[in-house]
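Undergrad: Sharing a structure, written as structure tokens. Questions coming.
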Amino acid sequence: MDHLPGVEEFLDAPPSEVPARVAEKTSGVLGCSAAVLFVDGLDYVRFYLTGAFPDTVDQLPRELRETDDLVRVVRDQSSLSGPRGGWSGLSPLERDHLAAVPLVLRDTVIGVLMAGRSEPFEEGEISALESLGVRAGAAVSVAEKYTDAIDVARRRKNPSIAAELQSSHLPPRALYTPRVEVVGGIEPAYDVGGDWFDYAVNDGELFVAICDGVGRGLEAARVSYVTLGAVRNARKRGEDLSRIMEAAHRALVGSTTPEQFATLVMARIQLDTYEMELVSAAHPPPVLVPPGKSRAPEVLRLPGNSYPPIGAFEEERDYATGRYSLEPGSRLVFFSDGATEARNAAREQLGFDGLLHAIREFRNLRKMEFLRAMMQYVDYYAEEIEDDVTLVSVDLPGHV
Amino acid sequence: MQESSVAGFDARIVAHAGVPVVAVTGEIDLHVVPEFRSVVSDPGARSAAGPGPVVLVDLAEVTFMDSSGVGVLIGQHRELEGEGGELRIVTGEGPALKILKLTSLDEVFSIFSSREDAMHELTGGGS
């Protein structure tokens, strides 16, 4: 095996041709056919194959079944290899032996790097392929800042304008570190678009927030993104949660009508002491899942740190935060009212009880698997998803 | 006068002991916001008994209200307050009270458990 190409060799190609370059270089190093495949980067409920470089798959996008091996690679973030006879579902390479590894942007799987040839792949070659999957993910994420080609290859249809804005402002959907695991998502990703979530790990602490701009579509998006700009701006200035809330409120009051307001919940968690600060402006509080199976998840109460929506009233407020001592092994699930107000065919809302039930039901699942299960649960419950359903789950592992 | 269906939205101005009341039933969501807003802001909904204009909105029979419905209440509250008046909301123990509590608007709005309670104060200084 030759030396493995580095990120710079992938980025040598024009931005739109980076995925094809990855396939070409992989093919050269391992002496095989290779393909870069993208899955729908927005959908949390179903799996779609949306792009292939080189163009070896007909009729994209295609919905994949849960049993497809391509789904296993993406969902479980695991590598597969073996004879083609044992491959389940769609394969873009018609060769006797296949290998597939996740294409990752740090902890977010964006697709699959696949190789095929007449001889089996050795273990060393699989780990080389895995390294290429990581390097390719990095190269793709740089390249997509300069071209539409990659974004287009990662979606199954054109989203609404509000959803376009939304998807371009969200942080990566997953972050896994020894001290904290964060996963977040919004459904239906191709429509609606008034919610956002955000997180950042700064200097031993996690910042996490969910916002819901009133209304729907562009009207809501305007409220939402004024808020997001104000929150990120104040946060990067080093302000505390109270000041960040004030800044967001002021930005909205100055730029929108009284009927245009937002709900916003923000938390800061110290990752070494498990101390959390929390403040909410009319946003539902998160659910705390304590460690230990015998203890039930509960909606975290907000005594004295819950306020009316921001942007609705001109008065300035003192947004006092609440302090909570979390335990190692805890999980926090932040959500928007789109989840609890989801209505079934009988017009019954899922409610806090329904959400708590699902959180309890899936408490053994972790990372993206938990988020997907929750999203699917709400999706199956709802007759129609009419409002953004936003979920962010934060796990604080028990031992570091 | 009351026509009610389970999901259907209805908002109309009714006279309760000589005082206009905006009586709302059903679900308030984005689809009905224009209608809800136009009834709540109708000059005929204003009572003249207090120092400024008062609008009494009865949400006790509302089965669902989302944030866009809350937005109409906020807009009307601010408008009336600007004129030295007041928005009064009757919720009973229904879903409307739940969402107003959840959004901490119960500390901003004047909320009453029945029309009588809301009217009592309203007519107390006047007729």
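The values are calculated or read from the model by the stated rules, or taken from the named source; none is laboratory data. All values reported here derive from a predicted model rather than from experimental measurement. Ideal geometry is used to build each Cβ from the backbone, glycine not excepted, and the neighbour counts take in all protein chains shown.
Undergrad: Looking at B:63, B:91, B:25 in this structure, which one is surrounded by 22 or more Cβ atoms within 10 Å (Cβ to Cβ) and in contact (Cβ under 8 Å) with a residue 24 or more places away in the chain?
TA: Going through B:63, B:91, B:25 in turn, the sole match is B:91.
Undergrad: Here is a follow-up. Please enumerate the residues belonging to segment A:326-339 that are part of a loop (DSSP other than H, G, I, E, B) and within 13 Å of another protein chain (Cβ to nearest Cβ).
TA: Matches in segment A:326-339: A:336 only.
Undergrad: Which number in (1) more than 22 Å from the chain's Cα centre (by Cα); (2) modelled with pLDDT of 95 or more marks the one condition that residue A:2 misses?
TA: For residue A:2, the exception is condition (2).
Undergrad: Mind checking which residues of segment A:1-29 are of a type in the set (A, V, I, L, M) and buried (at least 22 other Cβ atoms within 10 Å of the Cβ)?
TA: Listed by number, the residues that qualify are A:18, A:22, A:23.
Undergrad: Just give me the residues in segment A:46-78 being touching a Pro at 6+ places or on another chain (Cβ under 7 Å) and either outside the structural domain of residue A:132 (by TED's automatic domain parsing) or closer than 19 Å to residue A:104 by Cβ (or both), in sequence order.
TA: A:48, A:49, A:50, A:52, A:53, A:73, A:74, A:77
Undergrad: Does segment B:62-82 contain any residue that is away from chain A (no Cβ under 14 Å) and farther than 25 Å from residue A:303 by Cβ?
TA: No - not one qualifying residue is present in segment B:62-82.
Undergrad: Tally the residues that are more than 10 Å from chain B (Cβ to nearest Cβ) and more than 28 Å from the chain's Cα centre (by Cα), restricting the search to segment A:295-320.
TA: So the answer is 7.
Undergrad: Restricting to segment B:38-80, name every residue that is more than 13 Å from the chain's Cα centre (by Cα), outside any strand (DSSP E or B) and within 29 Å of residue A:217 (Cβ to Cβ).
TA: Passing the criteria: B:66, B:67, B:68, B:78, B:79.
Undergrad: Within segment A:340-363, which residues are more than 10 Å from chain B (Cβ to nearest Cβ) and closer than 27 Å to residue A:275 by Cα?
TA: A:353, A:355, A:356, A:357, A:358, A:359, A:360, A:361, A:362, A:363
Undergrad: Going by what's in this entry, would residue A:323 be described as surrounded by fewer than 19 Cβ atoms within 10 Å (Cβ to Cβ) and within 12 Å of chain B (Cβ to nearest Cβ)?
TA: Against the criterion (surrounded by fewer than 19 Cβ atoms within 10 Å (Cβ to Cβ) and within 12 Å of chain B (Cβ to nearest Cβ)), residue A:323 does not qualify.
Undergrad: Which numbered condition trips up residue A:193, out of (1) farther than 23 Å from residue A:325 by Cα; (2) within 14 Å of chain B (Cβ to nearest Cβ); (3) assigned to a strand (DSSP E or B); (4) not hydroxyl-bearing (Ser, Thr, Tyr)?
TA: (3)
Undergrad: Right, another one. Filter segment B:94-124 for residues that are assigned to a loop (DSSP other than H, G, I, E, B) and in contact (Cβ under 8 Å) with a residue 24 or more places away in the chain; which is nearest to the other protein chains (Cβ to nearest Cβ)?
TA: Looking at residues that are assigned to a loop (DSSP other than H, G, I, E, B) and in contact (Cβ under 8 Å) with a residue 24 or more places away in the chain, I get B:103.
Undergrad: Ok, one more. Could you please find all residues in segment B:107-122 being surrounded by fewer than 17 Cβ atoms within 10 Å (Cβ to Cβ) and more than 24 Å from residue B:14 (Cβ to Cβ)?
TA: Matches in segment B:107-122: B:107 only.
Undergrad: Could you give me the residue pairs with C-beta distances under 6 Å whose first residue belongs to segment A:29-50 and is part of a loop (DSSP other than H, G, I, E, B), whose second residue is among the basic types (Lys, Arg) and surrounded by fewer than 24 Cβ atoms within 10 Å (Cβ to Cβ) wherever it lies, and which are 6+ apart or on separate chains?
TA: Listed pairs, sorted by first residue: A:32/A:117; A:40/A:156; A:41/A:154; A:44/A:372.
Undergrad: Considering only segment A:207-239, state which residues are closer than 17 Å to residue A:278 by Cα, surrounded by 23 or more Cβ atoms within 10 Å (Cβ to Cβ) and away from chain B (no Cβ under 14 Å).
TA: Within segment A:207-239, A:208, A:209, A:231 meet the criteria.
Undergrad: Shifting gears a bit: Can you tell me which residue is surrounded by the fewest Cβ atoms within 10 Å (Cβ to Cβ) among those in segment A:266-286 that are within 12 Å of another protein chain (Cβ to nearest Cβ) and of a type outside the set (S, T, N, Q)?
TA: My answer is A:285.
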